[in-house]
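Each value in this text was obtained by applying a stated rule to the coordinates, not by laboratory testing. Everything numeric here is computed off the predicted structure, so don't read it as measured data. Backbone-built Cβ (ideal geometry, glycine too); neighbour counts: all protein chains shown.
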Amino acid sequence: MSGSFYLSTVGKVLKWARSKSLWYISTGTGCCADEVLGAMGCRYDLERFGCLAQVDPRQADLLIVCGVVSYKVAPYLKELYDEMLAPKYVLAVGSCANCGGPFSQESNYSVVAGADQVIPVDVFVPGCPPRPEAIMNGLIALQEKISGQESNRFENK
Amino acid sequence: MISAENSWIVAWGEAFGLPEGVPHWIYSAAALIFIFCFVIVPCGGLMSYFERKLSADLQARVGPNRAGPAGILQPIADLLKLLQKEARSEWNWKESLWLSVHTMALFSTLAVLPLGSMALLVNTEMSVFLPFWSALVLALGTMLLGLSQNSVPGWFGGIRVAAQTLAGSFPALISLLCTGVRSGSFRWSALAESQGFSPWDWTVVANPFQLVAFCVFVVSGLVLLAIAPLDGGLSMSDIHGGVSSHLYGMRLSLFRFGRFYGFFFWSVITVVLFLGAWDLPSQLVIPLRMGGAGRLLAFIELAWLLIKTFALMLLIIWIAKVNSRSRVDQITDFAWKVLSPFSLAALVGASLCAGWRAF
Amino acid sequence: MTAFPYLLRWGDLRKEVTEGYPDPISSKTADDLPTRSRGLLFNEIDRCTGCKACEEVCPCHCIRVEEQPGPDPSKSWVTVFDVDFSRCIFCGLCVEVCQPGSLVHTRQYEGAAYDVSDLVASFGRGPVTDEQRTKWALRRKLGESDGALK
């Protein structure tokens, strides 16, 4: 009884709280950071979703990897991710963070093929760079993933 | 102890079903917990929501609007999320120290917080100074927290907070004296009785010196408790969070609450000292008190006090949002060289005014 | 003082400029974007000839085309046409070189996925089955015999 109550109601409330309060830290390693800044700004206003920019990884729940991950920066990205406290989520924004993009393995010796080679990524946002709406779409997808209502949002197949 | 003046607690206890003959300290503790849970904590949540909405408004944004209607549940979501964060390290003695100092300051101020003519736990000749000392203890806790961080931002933040507290406490204390000079007593009830409902009866407009004292008191409170825009020791962009740089989860929410609480009680005290306290028009008070509706009166007084407090806090937040953050050396410089002389001048002037009126 | 006009709503200083994104009324939708905006790619596979010009020109190797001989000797059967949107930089070169004009940019830009492999869009028709092969062979033969009769 109490277990099912926890899973049904309390768990739902806790999941809701986690999904509605994603404080994020953003790695501005590429030009997608500009689009994240645009999403933070007043026209797209990421704070509507309860997101706040943080400077300390320990106070953040969401790591937005926007930009290319080179082999030189990969250990620091891992360190940043390890500094964050569970439950923690990662949003890979743009082609470089998804899989290396234009700097992929065939054409470049110094770039990691995507942030998911280094840290586990929850949501991938395609685009080069993606529009702020696309980033917010990724954020909503992440919120749905947290609250357990995943749906495949990619409909161009 | 329950004295004749605060026997109001007993009536409240009976109303909430506490049996007769319960020791007085239980009444006091119950009152503290009640005020904490049903006045202070909701005010904290509401204020953080208002702050985010106001800053969004000033930037032509919308602000949080997803959690609950118009985002009103955002503070609850934040709190629940912070409670769920993983605990990375064990508590160490330094953290226990700052937390105990923080808690001590919080509850000691709570006990002396004036929340209406019927809700004065401590109402003595010295009661105005008790929250002032608690503010110092709160600042001490913040400083200890910074020093317990074992990191550069924490150390710098702690030292900055200490410097600001030292600089701000002198003008704050002197301008505090000005109101006592006018009312003739440092009793909360006397301070409230010397003012009235109408803004023309408030201490702040009694004479120009009181206006100066009011300004000095507000600004030195911001300096003393390192409230934005004078939060050089704690700001995110300036010093990487300063004393709060490595806090997380529950500790972060406790810290944020402590920050809110310092701001809140300083505003409450400012309202009680300068902005007409909880005074309502006598046409309203006398029938209610005669008619035995004292409890309703207490609620109305509390609501009126909190409305004025929130207006003052939102004004300060507004000022903080549209102005740049001051550098810490400029803040201390300003507090020592400008606020202190002005507060002394205000004290002299207010004393002369009081003397003029007395003769 | 700088915020005074904003607080008192003088002029249009206090209009909220925020677009509430998932809400299609207050925010821009894909249809509101400029005509030449380059969104996710779409291939109308019936018109695709499988010439692989797009695959060759793609700077980040995100298009993979495989084809087999089709029913018509002039047009091949495109078995695989995969666009890996996780790699695509939306440069539009492939659309420029597409001779039959089957490959186009849509204006859709939303494509968040929970896995990288979900970001691969497949437009191919799949491998040719034996049944299709015999059918096409028969049809070709019939066509030839028709021509002989004429």
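Quick look at the numbers
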item	result
Alpha-carbon centroid distance for the pair segment B:145-192 / segment B:75-104, whole angstrom	24
Sequence of C:SER102, C:SER27, B:SER343, A:SER8 once ranked by neighbouring C-beta atoms within 10 Å, starting from the fewest	A:SER8, C:SER27, C:SER102, B:SER343
Rounded to whole Å, sorted largest first: equivalent-ellipsoid semi-axes of chain C, Cα gyration tensor	50, 16, 14
Lysine pairs in chain B with Cα atoms under 24 Å, if 8 or more residues apart or on separate chains	5
For segment B:273-282, 3J(HN,Hα) per residue [Karplus equation, 6.51 cos²θ - 1.76 cosθ + 1.60, θ = phi - 60°, Hz, x = Gly/Pro]	6, 10, 10, x, 6, 9, 5, 10, x, 5
Near-label residues of segment A:96-136 by backbone N, under 17 Å of a point 7 Å along Cα→Cβ of A:LYS78	A:110-121
Residue order, fewest to most surrounding Cβ atoms within 10 angstrom, among A:PHE49, B:PHE310, A:PHE103	B:PHE310, A:PHE103, A:PHE49
Other-chain or far-sequence residues with amide H under 5 Å of A:VAL90's (modelled H)	A:LEU63, A:ASP122, A:VAL123
Fewest-first ranking of C:HIS61, B:HIS102, using other Cβ atoms within 10 Å as the exposure measure	C:HIS61, B:HIS102
Farthest toward positive dipole pole in the protein assembly as shown [+1 Lys/Arg, -1 Asp/Glu at C-beta], among A:GLN117, B:TRP93, A:VAL10	B:TRP93
Kirkwood Rh in Å, taken over chain B so that all alpha-carbon pairs contribute	21.4
Dipole of segment A:13-112 [Lys/Arg +1, Asp/Glu -1 at C-beta], most positive-end residue of A:ASN108, A:GLY41, A:GLY28	A:GLY41
Mean shadow area of segment C:90-133, taken as a quarter of the surface of its Cα convex hull (nm²)	5.2
Length released on extending from C:THR129 to C:LEU142, taking residue separation times 0.36 nm less the Cα-Cα span	2.7 nm
Binned Cα-Cα distances of segment A:18-146, short to long, each 10 Å bin given as a whole percent	14, 49, 31, 5, 0
For C:PRO127, net neighbour charge (Lys/Arg +1, Asp/Glu -1) across residues whose Cβ lies under 11 Å away	-1
Evaluated at q = 0.05, 0.08, 0.11 Å⁻¹: base-10 log I(q)/I(0), Debye formula over Cα of the protein assembly as shown	-0.35, -0.73, -1.14
